[in-house]
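I have placed the structure first, in the form of structure tokens, so that the comments after it can refer back to it.
The values are calculated or read from the model by the stated rules, or taken from the named source; none is laboratory data. In this text, all values refer to a predicted model and were calculated from it rather than measured experimentally. Cβ coordinates were reconstructed from backbone atoms using ideal geometry, including for glycine residues, and neighbour counts include every protein chain displayed.
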Amino acid sequence: MKQENNTGGVFSIAEMSLLLKISARSLAYWFDSNSGLGILPINKNKKSRKENLFSFSDMIEVYTYFHLKNTLHIKKAEILRSHATLSELFKTDYPFNSKKWLVSGGDILFANSDENSTIVKANGTYQSVFSDILDLFQVKLDFNDDGQAMRYHPIGKDHNILVDPNIHYGSPVISENNAGTRIEASFIYKLLQDNSIADVKDSYNLSDKSIKDVNTFYGVAA
């Protein structure tokens, strides 16, 4: 099967735990092909499993699974069935990196191009769904022109922390107005431990909001 994943970025389990706000223990469990999500391409990649280093697309698949399960309360079996259906339809092992699917209530959906773009369930039943509002769940993702995930906003798009696999191998950076300053958030966070906020702001031309967002990202009361 064709794998059109974003191979940029290099993430350890610890780094993904920080970015996704999911315990490292839970991530390690799901990355174990014997106990976890066998659907994930990373569980088919012995080199990735051995080194515990994963791509941006691997991380987005995991982010999507946990968002669907823990936030939208969609059952694991439903997610796995939908993933298999979308994987076959989109011809990729990374269907959750795509913008082509939707979520409404407890259903994972897509537009069936063979049926005049009727919205149908992605769980293999292809049952038509009629809904006035279809909520895209990908509120923390930016997509390229092909509808593939390209950037991740770990604390939301209204904050100045950005993960771009093409910048610092995916290390979180400070992004003023989505411009991408390329200043790593961890660098500023460390400076704030020994320097005043005013000094750090002036030295790196950062806004109050960016300083607050760095502290928010690392779980520090601003």
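For region 65-108, which positions are closer than 22 Å to S171 by Cα and either among the acidic types (D, E) or touching a residue at least 60 places away in the same chain (Cβ under 8 Å) (or both)? Passing the criteria: H67, Y94, N97. Being part of a strand (DSSP E or B), modelled with pLDDT of 85 or more and charged (D, E, K, R) is the requirement here; does D146 meet it? The answer is no for D146. Please tell me if L141 is surrounded by 13 or more Cβ atoms within 10 Å (Cβ to Cβ), closer than 26 Å to S57 by Cβ, in contact with a His (Cβ under 9 Å, 6 or more places away or on another chain) and at pLDDT below 95. Spelling it out, L141 is indeed surrounded by 13 or more Cβ atoms within 10 Å (Cβ to Cβ), closer than 26 Å to S57 by Cβ, in contact with a His (Cβ under 9 Å, 6 or more places away or on another chain) and at pLDDT below 95. State whether one or more residues within region 194-202 are surrounded by 13 or more Cβ atoms within 10 Å (Cβ to Cβ) and on the phi > 0 side of the Ramachandran plot. For region 194-202, residues surrounded by 13 or more Cβ atoms within 10 Å (Cβ to Cβ) and on the phi > 0 side of the Ramachandran plot: absent.
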